[in-house]
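Remarks on the structure that follows.
Here, each number is a calculation from the coordinates, and none is a lab measurement. Nothing here was measured: the structure is a model prediction, and the numbers come from that model. Every residue, glycine as well, gets a Cβ built from its backbone with ideal geometry; the counts of neighbours run over all protein chains shown.
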């Protein structure tokens, strides 16, 4: 007698999904801020490169979240 398949609602799956989304949110912004500060130090144009890199980081974060969330929502709506 085999067990019925379980849904991916275990605590490990939820924690993994949450930490993955947190990394997707934080990584592009952290890298963009770091690069912006380094460029500003090198070119001595303090806020300009930082502001531009933050905007690029926010854009990348939105694109990454879109790529993750839309397939998840489409899969969920088919059920």
Taking the 0 to 90 degree range and rounding to the nearest ten, how far is the long axis of helix 46-78 tilted relative to the main principal axis of the chain, both from C-alpha atoms? 10 degrees
Longest principal axis of the chain (C-alpha) makes with the long axis of helix 11-43 (C-alpha) an angle, in degrees to the nearest 10, of 10 degrees
Cα-based Debye curve of the chain sampled at q = 0.16, 0.22, 0.23, 0.25 Å⁻¹ gives log₁₀ I(q)/I(0) of -0.72, -0.98, -1.02, -1.10
Based only on other Cβ atoms within 10 Å, what is the fewest-to-most ordering of 53, 19, 77? 77, 19, 53
Which one, 11, 68, 56, has the greatest fluctuation when you compute a Gaussian network model over the chain with C-alpha springs under 10 angstrom? 11
So which residue, out of 16, 59, 36, gets the largest mean-square fluctuation from a GNM of the chain using Cα contacts under 10 Å as springs? 16
Would you compute, from DSSP H runs of 4+ residues alone, the mean residue ellipticity of the chain at 222 nm, taking -39500 (n - 2.57) per run and dividing by the full residue count, rounded to the nearest 500? -30500 deg cm²/dmol
